[in-house]
Amino acid sequence: MKTNSLSAWILAVRPYSLGNAVILVAAASAMAFTDGGFRPVPALLCLVFAVLMQCTANLVNDLWDLLKGADNPDRLGPDRALAKGYITMPAMKRGIILFTLAACAAGCGLLFYGGPWLIFVGLACLFFAYIYTAGPFPLAYNGLGDIAVIIFFGVVPVGFTYYIQTGHWTPEITLVSLACGLIIDTMLIVNNFRDRNEDAAVGKRTSVVLFGAAFGSRLYLLAGLAGMALCLSLIAYGRIWAGLLPLVYGVLHVAVWRKMVRIDHGAELNVCLGLTARNIMLFGALLTAGILLG
């Protein structure tokens, strides 16, 4: 692959993970639509901001995992552009700055719809994107990655996408945001389960490293089932299909968990990573459709 080429940058932003941003905004916007508050322009700005923040976080992760020794050319997971030399260090640093500025530009547009105080939410998102793997106390290296993902890939994007469109926050959107955060966390968990030995060797104390492989496999299963259970609770608010359709996800989630336990270790777990990404997208589609159906 040519150094610093478009193909290298596409690899670096991890396109397989960007669908997460789409399902978060889609679910929140579907809730806003059924509640009579859907607004297409701020919804689109939320989507652009979410995707750009995901890209920024991925690039920062690439940089700091390499600097901390967690990434190397022989890693078990998908190739990392910086570790493989597809992107140079100076180019990566410039890329991080450019993606950060682009995310800020999209975020500034949202201030016209949600109010100037949202700048603090945007700053919190940027802060998280950096301290997840960078800084003196990186969350991913100190057992806090799962909590951070649930908050910043669930509660914050879903809740505030809904709030910016409707002007309020409801118990239902809290349930939806937590469900999405838990489901997306399964991608982090299977990554950490696969990399547990390598992470332990470089001092990356993920929850799987801290509590063991058996804990990691159970956490994967329970995170998906808990997200599905939160969707079921929407039935109490009259959203029957939003509660029932995600049950299809549950069947596939359990199947991937069984495969994950059977494989247990090694690069073959990347199959489970791909299946988990597929399941997350399916969950988002089912939940969004269920919300719209009522």
Of the numbered conditions (1) free of Cβ contacts under 8 Å to residues at least 40 places away in the same chain; (2) touching a Lys or Arg at 6+ places or on another chain (Cβ under 9 Å), Ala8 satisfies every one except a single condition; which is it? (1)
Wholly within the range 1-87, helices (runs of 4 or more DSSP H) carrying at least 3 residues that are under 28 Å from Tyr163 (Cα atoms): 15-34, 40-67
Checked the range 139-167 for anything closer than 19 Å to Ile184 by Cβ and either in a loop (DSSP other than H, G, I, E, B) or of a type in the set (Phe, Trp, Tyr) (or both); matches are Gly143, Leu144, Phe152, Phe153, Phe160, Tyr162
Residue match in the range 14-23 (condition: in contact with a helix residue (DSSP H, G or I) (Cβ under 7 Å, 6 or more places away or on another chain), more than 27 Å from His265 (Cβ to Cβ) and either of a type in the set (Ser, Thr, Tyr) or crowded, with 21+ Cβ neighbours inside 10 Å (or both)): yes
Only residues in the range 147-169 that are at positive phi count as the first member; pair them with residues that are of a type outside the set (Val, Ile, Thr), Cβ under 9 angstrom, at least 6 apart or cross-chain, and list the lot. Gly167/Gly37; Gly167/Gly114
Please tell me if Phe127 is assigned to a helix (DSSP H, G or I), of a type outside the set (Val, Ile, Thr) and out of contact with any helix residue (DSSP H, G or I) (no Cβ under 9 Å at 6 or more places or on another chain). yes
Look at the range 233-261 and say how many of its residues are buried (at least 16 other Cβ atoms within 10 Å of the Cβ) and of a type in the set (Lys, Arg). 1
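No lab work stands behind these numbers, since they all come straight from the coordinates. None of these values were measured; they are calculated from a predicted model. So basically every Cβ, Gly included, is an ideal-geometry build from the backbone, and we count neighbours across all protein chains shown.
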